[in-house]
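**Student:** Could you have a look at this structure, given as structure tokens, before my questions?
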Amino acid sequence: MKKKLSITILYTLVISSMTMMASAFTIVIDAGHGGDDFGAQGLHCFEKNINLDVALQLGNSLSKEQQARVVYTRTTDKTVSLQDRTLIANGIKADLFISIHCNSMPHDAVGRERVNGSTVYVMGQKTVDDNLKQIQRNVVIGDIINGNNLHQVPYDIDSAESNIAYEMCQNSIMSQSVYLANSILNNLNICANRKKIGLYQGDFVVLTHTVMPSVLIELDYISCPESERFMMSDKGVNEIVTAISKSVSLFINKFNK
Ligand SMILES: [Zn+2]
């Protein structure tokens, strides 16, 4: 009975800890690639250029319209390691991590220039255990609910309750990531007229090693000349930014109580 009760208390802590506080909602925006890492190549530009352009304008929109605190993993054309990108997000205890990329078909793929559409990734199954270790290392369940006299519950490997609580914490992060990913896919379709390819799980370092809801967006295919043109245009970037901003706004309204 006592054990059951303490698990219930931990459960409350997990749910509370995943419900972000109203102030200083912090979003890390990660422009994929950069510097020596060009990413995929289009006819007129590299992926790294589109990623940075969208990331900067998205950050601008989110800080103005959502009063969010926005932190970028890069604001210029420079190389940043995947590990450093996750360290930035974990170090400042970000509430959300959004990685911006463009997709590309292989050069020898038949009809590669016709394939288009958006894909959004959340963390993959193969790296669930790695991610749980990161959460155990970086998150103290309860430390986000300071001030209401609940005990902080740092991870304890020998405690069944602690192990269960941290798994629940991870599940909560995952379901919030899926909510955001689905919303972004829908809004890219509605606001930016991008074909919806789907929501997938991927074992990307930036998703596995971050300990908050996180998504990796493949905006569209840079290997499709029409999509590349769209993503390079002011109209295209505006529509993409509007789509992602709307989804982040829905996310904040739903989870930031
Ligand atoms: Zn990429």
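The values are calculated or read from the model by the stated rules, or taken from the named source; none is laboratory data. Everything quoted here is computed from the prediction, not taken from an experiment. For neighbour counting, all protein chains shown are included, and Cβ atoms are generated from backbone atoms with ideal geometry for every residue, glycine included. When the accessible area is computed, the model is the full protein with side chains, heavy atoms only, and any ligands, DNA or RNA have been set aside. Shrake-Rupley method; radii C 1.70, N 1.55, O 1.52, S 1.80 Å.
**Student:** Pick from V139, V110: which is more than 16 Å from the ligand (Cβ to nearest atom), among the β-branched types (V, I, T) and open to solvent by 50 Å² or more (accessible area, probe 1.4 Å)?
**Tutor:** Of V139, V110, the one residue that is more than 16 Å from the ligand (Cβ to nearest atom), among the β-branched types (V, I, T) and open to solvent by 50 Å² or more (accessible area, probe 1.4 Å) is V110.
**Student:** So E65 fits all but one of (1) within 22 Å of E239 (Cα to Cα); (2) away from the ligand (no atom under 16 Å from the Cβ); (3) modelled with pLDDT of 95 or more; what number is the exception?
**Tutor:** Only one criterion in (1) within 22 Å of E239 (Cα to Cα); (2) away from the ligand (no atom under 16 Å from the Cβ); (3) modelled with pLDDT of 95 or more is unmet by E65, namely (3).
**Student:** Here's a follow-up. When you go through (1) within 16 Å of the chain's Cα centre (by Cα); (2) within 16 Å of the ligand (Cβ to nearest atom); (3) of a type in the set (A, V, I, L, M); (4) assigned to a helix (DSSP H, G or I) one by one for I98, which number turns out not to apply?
**Tutor:** Against the list (1) within 16 Å of the chain's Cα centre (by Cα); (2) within 16 Å of the ligand (Cβ to nearest atom); (3) of a type in the set (A, V, I, L, M); (4) assigned to a helix (DSSP H, G or I), I98 comes up short only on (4).
**Student:** So in segment 115-129, with the set limited to residues that are surrounded by fewer than 14 Cβ atoms within 10 Å (Cβ to Cβ) and in contact (Cβ under 8 Å) with a residue 40 or more places away in the chain, which one is farthest from the ligand (Cβ to nearest atom)?
**Tutor:** It comes out as Q125.
**Student:** Return yes when F38 is of a type in the set (A, V, I, L, M, F, W, C), without any contact (Cβ under 8 Å) to a residue 12 or more places away in the chain and either over 25 Å from N182 (Cβ atoms) or away from the ligand (no atom under 16 Å from the Cβ) (or both) and no when it is not.
**Tutor:** For F38, the condition - of a type in the set (A, V, I, L, M, F, W, C), without any contact (Cβ under 8 Å) to a residue 12 or more places away in the chain and either over 25 Å from N182 (Cβ atoms) or away from the ligand (no atom under 16 Å from the Cβ) (or both) - is met.
**Student:** Determine, yes or no, whether E239 is open to solvent by 10 Å² or more (accessible area, probe 1.4 Å) and either under 16 Å from Y121 (Cβ atoms) or in a loop (DSSP other than H, G, I, E, B) (or both).
**Tutor:** For E239, the condition - open to solvent by 10 Å² or more (accessible area, probe 1.4 Å) and either under 16 Å from Y121 (Cβ atoms) or in a loop (DSSP other than H, G, I, E, B) (or both) - is not met.
**Student:** Any idea which of L82, L56 is open to solvent by 20 Å² or more (accessible area, probe 1.4 Å), within 25 Å of Y221 (Cα to Cα), within 16 Å of the ligand (Cβ to nearest atom) and among the aliphatic types (A, V, I, L, M)?
**Tutor:** L82
**Student:** What are the pairs, 6+ residues apart or on separate chains, where a residue within segment 46-74 that is over 11 Å from D30 (Cα atoms) has its Cβ under 6 Å from a residue that is more than 16 Å from the ligand (Cβ to nearest atom) and assigned to a loop (DSSP other than H, G, I, E, B)?
**Tutor:** That search, which allows pairs on different chains as well, returns L62/A68; A68/F25; R69/A24.
**Student:** Follow-up. Of the conditions (1) closer than 26 Å to K235 by Cα; (2) more than 16 Å from the ligand (Cβ to nearest atom); (3) assigned to a loop (DSSP other than H, G, I, E, B), R74 satisfies every one except a single condition; which number is it?
**Tutor:** All conditions pass for R74, except number (2).
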